[in-house]
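As structure tokens, the structure follows; a few thoughts come after it.
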Amino acid sequence: MGSLERYIFRQAAVAFAGGLFVLTLIVWITQVLQRLDLVTNSGQTILLFFLMTSLGIPVLLALIAPIAMFMACVQTLNKLNGDSELIVMSAAGVPPSRIMRPLMMLTVIVMVAVGALSLHLTPSSIRYFRLLLTQVQANMLTAIVRPGQFTQAERGLTFHIRDRAPGGVLLGIVVSDTRDAAVHMTYVAERGLISEQPQGTFFVLENGNLQRRDTKTGQASIVVFERYAFDLSKLTQTAETIYRPSERYTSELMNPNPADPMFERWQGRFRQELHDRFAAPLYPLALMCIAFAMLGHARTTRQSRGTAVAGAITAMVVVRGLGFAVSGMVATRPWAIPLVYGVPLIAIVLFGAMALGWVRLRVPQSISRAFGEFTDRMAERFAARFAANGGS
């Protein structure tokens, strides 16, 4: 690359890295807040907590990278235009293809990264997350035996232990089981012990009672027992061998086992997931072409760049929205498969031709003038309100 290409590439790369980092961080923080109960309720370490939440980053990157690429192109081209650098380049005889070249190189890098994420890293990270989640559920027993704490093992099942004696004996046990909406069960026992048997894992309660209440009639009954085995097998089960379509490797989606019960039930989801993964690398190129077609040509200070930015954002939303809509159709309509690739490819061809100047899209002057007047009025109202509030 020459000095001009390196200059544009550097600006776009910095904008892309910054936008990708900020967007990923925002979405990741929302995921972290949703999984805080992993530490508070399960008694897990903060290291495992961050490991599990970080496994969602490949999924986020695959979705956010094309949007970050679009934002980087818009920001870079708008800055070049605002500083009149595109005008100087155009006056010096620099063709649009040369200005587009560094953006294309960055886009190719993003396409390769999105392809690797979609085809391999994302399903691998989701599978590993499932494995860790299963281990957390299996280790729930370590949280159950923590004295003085109410621990919700799963929705509707809560344990409380007063104290822990030598030999793994638990004292002062209360178990509330409301998983069945029709019948609520409460177990109270003086002592208990967790026992591993060939049939599964059991919480053996001694010297206690079982309080059973019918939620419809309100009738209650109490059963006194000397020994009662509470089944914990569902909480300590090993990792499931049946994976959802998003957790399957690409090779498994391409050659599914016809006898797989998940494939028999969700054949459309398998088809949707497979073609979404192959189509994902096309969107960074499509969005880059949209940004360049709208902002890649020199504009004078008299020409409103707001219209071009708004047009680029609108086109991006339409293309990406159509992509999501077509993806949903594939799950139930096999004939929609070509549309999964057609939406980004049509955008690439159409806006790529506009970017290189082969096709001209002229916005009617009345629309452009009306949009410019609207933005000017909004700016004046904001300035007046800002001044009326004393500049605060």
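Spelling out what I want: for every residue of segment 324-336, take phi, set θ = phi - 60°, compute 6.51 cos²θ - 1.76 cosθ + 1.60 (Karplus), and round to whole Hz; glycine and proline get x.
Listing the rounded values in order: 5, 5, 5, 4, x, 5, 4, 4, 10, 10, x, 5, 7 Hz.
List the residues, sorted by chain then number, that are 5 or more residues from V183 or on another chain and whose placed amide H is less than 5 Å from its amide H.
T215
In segment 250-300, what percent of the accessible surface is made up of carbon and sulfur (1.4 Å probe, ligands and nucleic acids excluded)?
Accessible surface attributable to carbon and sulfur in segment 250-300 totals 53 percent.
Against the empirical 2.2 N^0.38 Å scaling, what ratio does the C-alpha Rg of segment 62-119 come to?
After normalising by residue count via 2.2 N^0.38 Å, the value is 1.34.
For segment 145-217, with every protein chain kept in place, what is the accessible area per residue (1.4 Å probe, Å²)?
57 Å²
State the percentage of accessible surface on segment 321-362 attributable to carbon and sulfur atoms; use a 1.4 Å probe and exclude ligands, DNA and RNA.
74 percent
For the peptides 258-264, 281-287, what is the packing order when you average, over each peptide's residues, the other Cβ atoms within 10 Å and list the highest mean first?
281-287, 258-264
The values are calculated or read from the model by the stated rules, or taken from the named source; none is laboratory data. For clarity, every value in this text was computed on a predicted model and none was experimentally measured. Ideal geometry is used to build each Cβ from the backbone, glycine not excepted, and the neighbour counts take in all protein chains shown. In case anyone asks, the SASA skips ligands and DNA or RNA and just uses the protein heavy atoms, side chains included. Shrake-Rupley method; radii C 1.70, N 1.55, O 1.52, S 1.80 Å.
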